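Below is one structure, written out as structure tokens; the observations come after it.
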Amino acid sequence: MVKFNQSLIKLYFKFGGINNEYMNLNIIYRENIIPVSTEPIQLLIEFPAKMILDISGKNMSSDTILDENGTIIKDKHIELTKVIIDNISVPDAYLKKWPTLHGNRSSYFGFNGVAELEFSEKNSFIFLLKTR
């Protein structure tokens, strides 16, 4: 039997490191903890859903390199670069303001903490329509 609220999700991340050291990322979905590396993560989810992105491993005093003017020139970070739901990409404009970390909406994670991806609609069709 087909469940219209189930969808295949692919998440793509980019890791920026300092001295070949990178932040850690685990996705928590329905009490399952999924470690993330540089490979895309593929999950079958049921709408509505919430994914937790548990981000750690950044030393705030040494993992951001500044120039003499205080401009960031290198930063240990994780970036959510692409989300595909049932073979349809979430638009970049929506992706950049979708995740929430420390009250900020951004797909760039330069802090330790817990970010949320909320899939608040009944199914992927309605969710994807609202991202446009």
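The selection criterion, being within 25 Å of residue 129 (Cβ to Cβ), part of a strand (DSSP E or B) and more than 11 Å from the chain's Cα centre (by Cα), holds for residue 43. Within the range 68-81, being under 21 Å from residue 111 (Cβ atoms) and charged (D, E, K, R) holds for 74, 75, 76, 79.
Scanning the range 80-99 for residues that are within 12 Å of the chain's Cα centre (by Cα) and not hydrophobic (A, V, I, L, M, F, W, C) returns 81, 82, 96, 97, 99.
Could you tell me whether the range 57-76 includes any residue that is under 13 Å from the mean Cα position of the chain (by Cα) and either within 23 Å of residue 132 (Cβ to Cβ) or surrounded by fewer than 17 Cβ atoms within 10 Å (Cβ to Cβ) (or both)? No, the range 57-76 contains no residue that is under 13 Å from the mean Cα position of the chain (by Cα) and either within 23 Å of residue 132 (Cβ to Cβ) or surrounded by fewer than 17 Cβ atoms within 10 Å (Cβ to Cβ) (or both). Among the residues of the range 21-38, those that are part of a loop (DSSP other than H, G, I, E, B) and touching a strand residue (DSSP E or B) at 6+ places or on another chain (Cβ under 9 Å) comprise 22, 23, 30, 36, 37, 38.
Which one is surrounded by the fewest Cβ atoms within 10 Å (Cβ to Cβ), of the residues in the range 94-132 that are hydrophobic (A, V, I, L, M, F, W, C) and closer than 30 Å to residue 59 by Cβ? Among them, the one singled out is 114.
When the strands (runs of 3 or more DSSP E) confined to the range 46-132 are screened for residues that are over 20 Å from residue 31 (Cα atoms) and free of Cβ contacts under 8 Å to residues at least 24 places away in the same chain, those reaching at least 2 such residues are found at 72-75. Scanning the range 18-30 turns up no residue that is in contact with a Leu (Cβ under 6 Å, 6 or more places away or on another chain) and over 19 Å from residue 95 (Cβ atoms).
Each value in this text was obtained by applying a stated rule to the coordinates, not by laboratory testing. Owing to the predicted nature of the structure, the values given are computational and were not obtained by experimental measurement. Note: ideal-geometry Cβ built from the backbone for every residue, glycine included; neighbour counts use all protein chains shown.
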